[in-house]
Amino acid sequence: MDPDKVEERNLRTQVYDPEDIGKYKAVALAEKLKPYSKVNFYIKRIEEIIDELPNYDLALALTDNIESRLVVERRYKTLHAMVQPTHGILMMTTRRSRLANIMKSGRYRGNQELSMIMMVVSIVINETLKYLKYKKSNIEGKLMIVSPYKFEIIELEGL
């Protein structure tokens, strides 16, 4: 789900190819995923369509827009993943631990290192698969901060 189009600057840190420039991001990504799974895509903002979506076990919030993330987590159990230039932040919501409790607004800006993006993506994939298979994740109700040098996990349930 994304109303934006692929730009040349997206090629360095996102999964698009030069021939995707000018296409809607949701369409270009759906084309890449179709050989592997059933794909639904929307060229809209999450705020416009959230009430029309079916129920899912888990939503991945990977946007740089905090307000959109908060819309998603009001409806779904959510795995948030954010990449800063020097570190990544991950959090899986519970009824008591939500992004809304610690962040209200903002966008992430700045250059992102591809190695940091790949580190965060690998954790997202691993934790998503664990949750879908076992209904449990190592970061559920926690905030994980990763850098090239360490992983820090902060327990949010007691805050």
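Selection of first residues in region 124-142 that are aromatic (Phe, Trp, Tyr) and of second residues that are surrounded by fewer than 17 Cβ atoms within 10 Å (Cβ to Cβ), restricted to Cβ pairs under 7 Å at least 6 apart or on distinct chains, gives the following pairs, ordered by first then second residue: Tyr131/Leu58.
Scanning region 116-148 for residues that are buried (at least 19 other Cβ atoms within 10 Å of the Cβ) and farther than 14 Å from Ile89 by Cα yields Tyr131, Ser137. Got at least one residue in region 149-159 being in contact with a Phe, Trp or Tyr (Cβ under 9 Å, 6 or more places away or on another chain), at pLDDT 85 or above and either assigned by TED's automatic domain parsing to the domain that holds Leu60 or surrounded by fewer than 16 Cβ atoms within 10 Å (Cβ to Cβ) (or both)? No, because not a single residue in region 149-159 is in contact with a Phe, Trp or Tyr (Cβ under 9 Å, 6 or more places away or on another chain), at pLDDT 85 or above and either assigned by TED's automatic domain parsing to the domain that holds Leu60 or surrounded by fewer than 16 Cβ atoms within 10 Å (Cβ to Cβ) (or both).
For region 21-73, filtered to residues that are in contact (Cβ under 8 Å) with a residue 12 or more places away in the chain and among the basic types (Lys, Arg), the residue that is nearest to Ile123 (Cα to Cα) is Arg69. Of all residues in region 37-84, those being in a helix (DSSP H, G or I), under 13 Å from the mean Cα position of the chain (by Cα) and more than 19 Å from Pro3 (Cα to Cα) number 1.
The values are calculated or read from the model by the stated rules, or taken from the named source; none is laboratory data. From a predicted model like this one, the values you see are computed outputs, not experimental measurements. Please note: Cβ atoms are built from the backbone with ideal geometry, for glycine as well, and neighbour counts cover all protein chains shown.
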